[in-house]
Amino acid sequence: MRTKTKEITDRYKNMRTSKAIEELNKAELTAEEKQIFMLRLKFYNESVAYQVSRCPRCVTKIFMRALNKLKDYLKEVAKPLS
């Protein structure tokens, strides 16, 4: 079964920041991936791109890379997404 992006982002939006960062560390995300992932939970792509001084397309690629790492991590530890 494929996991939808919204399920994962909703899970981390509702989570305390410290706990979310702890899980991102366990999923072995880079510092840039963590920063962009956390910003994308609260802001739209264009404003995140402006904040991190990257083009919107690069921000999307980095966000999706982080999201895929999180999906793999959640499958590995068998945590339910809902």
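If I filter segment 69-82 down to residues being more than 14 Å from Glu7 (Cα to Cα) and surrounded by 13 or more Cβ atoms within 10 Å (Cβ to Cβ), which single residue comes out as farthest from the chain's Cα centre (by Cα)?
Tyr73
Among the residues of segment 6-44, count how many are not hydroxyl-bearing (Ser, Thr, Tyr) and not in a helix (DSSP H, G or I).
7
What residue, among those in segment 19-28 that are under 21 Å from Lys6 (Cβ atoms) and in contact (Cβ under 8 Å) with a residue 24 or more places away in the chain, is surrounded by the most Cβ atoms within 10 Å (Cβ to Cβ)?
Within segment 19-28, the match that is surrounded by the most Cβ atoms within 10 Å (Cβ to Cβ) is Leu24.
Can you work out which of the residues in segment 45-68 that are assigned to a loop (DSSP other than H, G, I, E, B) and not hydrophobic (A, V, I, L, M, F, W, C) is surrounded by the most Cβ atoms within 10 Å (Cβ to Cβ)?
Applying the filter and picking the extreme gives Arg54.
Across segment 1-55, which residue is nearest to Leu74 (Cα to Cα) among those that are of a type in the set (Lys, Arg) and touching a helix residue (DSSP H, G or I) at 6+ places or on another chain (Cβ under 7 Å)?
Here the answer is Lys26.
Residue check, Ala31 against (1) over 13 Å from the mean Cα position of the chain (by Cα); (2) exposed (fewer than 10 other Cβ atoms within 10 Å of the Cβ), all met but one. Which one?
It fails just one condition, (1).
FYI, it's all coordinate maths here, none of it is from the lab. It should be emphasised that the depicted structure is a prediction, and the values quoted were computed from it without experimental measurement. Cβ coordinates were reconstructed from backbone atoms using ideal geometry, including for glycine residues, and neighbour counts include every protein chain displayed.
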